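Below: the structure, in structure tokens.
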Amino acid sequence: MIDQPTIDRIMDAAQIYDVVSDFVTLRKRGVNYVGLCPFHDDKTPSFYVSPAKGLCKCFACGKGGNAVHFIMMHEQLSYPDALRYLAKKYGIEIKERELSDEEKQAQSERESLFIVNQFANDYFRHTLRDTEEGRSVGMAYFRSRGFRDDIIEKFQLGYCTESHDALAKAALAKGYKKEYLVKTGLCYETDDHRLRDRFWGRVIFPVHTLSGKVVAFGGRVLASATKGVKVKYVNSPESEIYHKSNELYGIYQAKQAMVKQDRCFLVEGYTDVISMHQSGVENVVASSGTALTTQQIRMIHRFTNNITVLYDGDLAGIKASLRGIDMLLEEGMNIKVCLLPDGDDPDSFARKHNSTEFQQFIQEHETDFIRFKTNLLMEDAGKDPIKRAELIGNIVQSISIIPEAIVRDVYIKECAQLLHVEDKLLVSEVAKRREKQAEQRAEQRERERRQAAARNASAGTDAPAPPAEDTPAPPPADADIAPAPATAGYESFIPQEGKEGQEFYRYERLILQMVVRYGEHVMCNVEDEEGNEHPLSVIEYVQGDLQEDELSFHSPLHRRLLDEAVRHLHDEGFRAEHFFLNHPDPDISQLSAELVSDRYQLSKYHSKSQKIVTDEERLYELVPLLMVNYKYAIISEELKHMMQALQDPATTADEERCNAIMKRYTELHKVQNLMAKRLGDRVVLHL
């Protein structure tokens with residue numbers, strides 16, 4: 001773990017112009033610099049860098065932040081890894097927690113396995129390029145697939161000779177341990193203790209991690225040798241560093257394109273990925289013939305929320321993979337499906353078309369997954385009422401696992417039209433499925449709690465068991481889940497996502513903009529019960545005003561930022577802008593950078609004396625006005641969504657919950673009436 005003083009040294013040393021100019025050509029424009037945005041297809045320069053503020057921002061796509069945020073987005077690194085990247089660039093030593101002897105040994109072994117894999121990767125590439133057998137056999141195969149030299153180099157393709165132990169001998173001669181050759185799966189040991197190469201006589205496809213390390217290999221027998229061979233591909237076995245359920249082929253080469261295009265194409269095999277790259281489509285990954293896993297889906301989700309699954313038209317294969325795609329829905333992904341022409345797979349289709357033609361075909365032929373699945377199953381069901389009932393159950397199951405309520409509602413209405421059934425029926429069935437799923441999750445948590453308690457009891461430890469089903473487990477440290485709002489019992493019925501365009505949300509960001517820019521500034525003085533005046537900061541005013549009406553910010557991230565502001569306001573030397581831009585939580589520092597760099601000025605205007613008056617000089621007027629408008633907007637939106645919640649069959653079936661919502665509705669309605677009176681003839685601030 002990197003300590004805060006080290007983070008501060010890195011942030012102070014990292015010059016935003018130096019960092020960005022490593023990747024973007026910048027031209028000076030006034031006090032700032034401008035260039036083409038690296039995060040979207042920018043035709044005219046819209047990416048601005050401000051050395052004075054230490055920030056960058058694209059005013060077309062909105063991406064930007066400080067030097068750490070830029071490296072995180074551009075290199076697809078985690079927050080700690082981005083800090084390490086900058087520390088290395090500026091020669092700053094990072095002191096982290098001392099590892100135990102066991103941890104050092106495990107870390108050393110992992111590093112050794114990666115080093116052996118890198119040696120093997122270099123060996124395979126050298127064999128392909130620089131040996132007669134490699135050029136005449138391995139390179140000839142890649143040429144027959146139409147792969148160009150630059151693509152072969154990009155994916156670091158290689159070749160392993162027909163000799164059954166050439167790699168083993170070369171590795172041992174270089175001093176690599178037999179133990180690590182076996183643990184990586186590059187070699188295996190025979191009964192007479194000889195080492196044999198696993199991939200002999202095959203072309204090699206290395207599998208890279210997100211950071212570009214070689215974690216495994218896939219080897220394919222050559223076309224002339226496939227006759228009678230049941231298994232064309234041999235893959236590295238599971239190891240200390242390789243778990244196939246965690247890896248996606250091509251993710252290292254695709255990650256930046258996925259961010260830039262805000263979409264991922266999912267295919268099946270190595271050559272599908274490579275051919276699509278050669279045709280100019282780079283935002284593509286492969287599951288490498290295995291069923292999709294939750295870990296793989298979450299890896300894709302780090303870069304984009306949108307995924308298009310490419311199929312080659314084999315209906316049997318498509319039906320077999322439907323369950324895996326349901327997992328994508330459960331993770332909140334937006335899924336589309338595209339069927340390629342008969343006889344084509346992504347590999348062959350990509351070789352026939354350039355990037356523009358490929359993208360155009362997908363745009364014209366892709367369809368929403370739920371609609372695709374409904375149409376596909378309807379063809380099987382025909383007019384058979386039993387099969388149609390099974391079809392409805394299948395579709396309802398897919399809809400029920402979607403986490404976002406608004407998306408579920410849209411799908412329900414669409415499927416009701418496709419299936420010619422009343423949407424009320426689908427709503428009821430979806431509610432039943434979700435209730436059953438919630439019960440199953442609660443039962444699973446209870447089983448895990450009991451198992452942990454039993455283990456602790458048998459071990460004689462006092463370690464606490466996991467929480468019971470009625471006690472939610474604490475979120476992980478990096479989860480985008482805030483602690484409960486400051487007001488006890490407050491529950492928001494507004495969906496957490498999809499409300500960024502609402503009026504209250506914009507007021508919320510403007511209030512936080514005041515907190516980040518001027519949080520520690522004194523806004524006004526207030527009197528205590530004894531008549532003594534005390535200064536009141538912007539942070540204290542915002543927090544107190546929210547508590548007065550039992551409200552909390554809608555966004556969990558916004559709540560976290562305000563909580564941090566209140567917690568650290570009285571720290572010695574606290575300056576809100578500096579504190580939040582350098583905050584160790586990357587979500588908070590990213591949001592702060594957006595709020596500081598926002599070019600929208602709320603209130604700069606000319607007074608009667610023609611003097612420009614800034615926000616800072618009008619805090620006493622601006623902050624209260626923002627708070628009044630925000631609270632009225634949030635209560636109005638909250639009441640609307642509470643009415644929708646009361647119309648949900650799952651809510652009406654739960655009398656206790658229904659009564660609690662009605663009670664809260666009455667309370668908020670009274671607050672709304674009081675606020676309406678308080679507003680009176682005051683001018684409402686329009687954005």
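Key figures for this structure:
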item	result
In the stretch 28-60, the residues that are closer than 24 Å to A257 by Cα and out of contact with any strand residue (DSSP E or B) (no Cβ under 9 Å at 6 or more places or on another chain)	D41, K43, T44
Matching residues in the stretch 38-55 - criterion: being in contact with a Phe, Trp or Tyr (Cβ under 7 Å, 6 or more places away or on another chain), modelled with pLDDT under 90 and not small (G, A, S)	P38, P51
Residue list for the stretch 598-655, restricted to those being open to solvent by 80 Å² or more (accessible area, probe 1.4 Å), modelled with pLDDT of 75 or more and either outside any helix (DSSP H, G or I) or in contact with a strand residue (DSSP E or B) (Cβ under 9 Å, 6 or more places away or on another chain) (or both)	Y620, Q647, A653
Qualifying positions in the stretch 354-375 - more than 25 Å from the chain's Cα centre (by Cα) and surrounded by fewer than 17 Cβ atoms within 10 Å (Cβ to Cβ)	N354, S355, T356, E357, Q360, F361, E364, H365, R371, N375
Given (1) among the charged types (D, E, K, R); (2) touching a residue at least 60 places away in the same chain (Cβ under 8 Å); (3) surrounded by fewer than 16 Cβ atoms within 10 Å (Cβ to Cβ); (4) closer than 30 Å to Y48 by Cβ, index of the condition K95 fails	(4)
Check on I300, modelled with pLDDT of 85 or more, within 19 Å of I204 (Cβ to Cβ) and within 15 Å of the chain's Cα centre (by Cα)	no
Residues that are touching a helix residue (DSSP H, G or I) at 6+ places or on another chain (Cβ under 7 Å) and in contact (Cβ under 8 Å) with a residue 40 or more places away in the chain, drawn from the stretch 12-28	A14, I16, V19, V20, F23
Residue in the stretch 29-36 that is open to solvent by less than 40 Å² (accessible area, probe 1.4 Å) and touching a residue at least 24 places away in the same chain (Cβ under 8 Å) present	no
Scan of the stretch 508-544 for residues that are touching a residue at least 24 places away in the same chain (Cβ under 8 Å) and surrounded by fewer than 18 Cβ atoms within 10 Å (Cβ to Cβ), ordered by number	H521, C524
Check on E577, touching a Lys or Arg at 6+ places or on another chain (Cβ under 7 Å), open to solvent by 30 Å² or more (accessible area, probe 1.4 Å), under 23 Å from D12 (Cβ atoms) and modelled with pLDDT of 80 or more	yes
Selection count where residues are over 16 Å from K631 (Cα atoms) and at pLDDT below 75, scope the stretch 657-682	1
Single condition S552 does not satisfy, out of (1) within 31 Å of the chain's Cα centre (by Cα); (2) surrounded by 20 or more Cβ atoms within 10 Å (Cβ to Cβ); (3) part of a helix (DSSP H, G or I); (4) not aromatic (F, W, Y)	(3)
Odd one out for D326 among (1) out of contact with any Gly (no Cβ under 9 Å at 6 or more places or on another chain); (2) surrounded by fewer than 18 Cβ atoms within 10 Å (Cβ to Cβ); (3) closer than 26 Å to R302 by Cα	(2)
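So that you can scan it fast, the table gives a plain yes or no per residue for (1) among the β-branched types (V, I, T); (2) exposed (fewer than 15 other Cβ atoms within 10 Å of the Cβ); (3) in a loop (DSSP other than H, G, I, E, B); (4) out of contact with any Gly (no Cβ under 6 Å at 6 or more places or on another chain):
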site: F23; (1), (2), (3), (4): no, yes, yes, yes
site: V49; (1), (2), (3), (4): yes, no, no, yes
site: V68; (1), (2), (3), (4): yes, no, no, yes
site: Y85; (1), (2), (3), (4): no, no, no, yes
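The values are calculated or read from the model by the stated rules, or taken from the named source; none is laboratory data. Predicted, not measured: the structure shown is a model, and the values here were computed from it. FYI the Cβ positions are ideal-geometry reconstructions off the backbone, even for glycines, and counts take in every protein chain you see. For the accessible areas, the whole protein counts, side chains as well, though only heavy atoms, and no ligand, DNA or RNA atoms are used. Shrake-Rupley method; radii C 1.70, N 1.55, O 1.52, S 1.80 Å.
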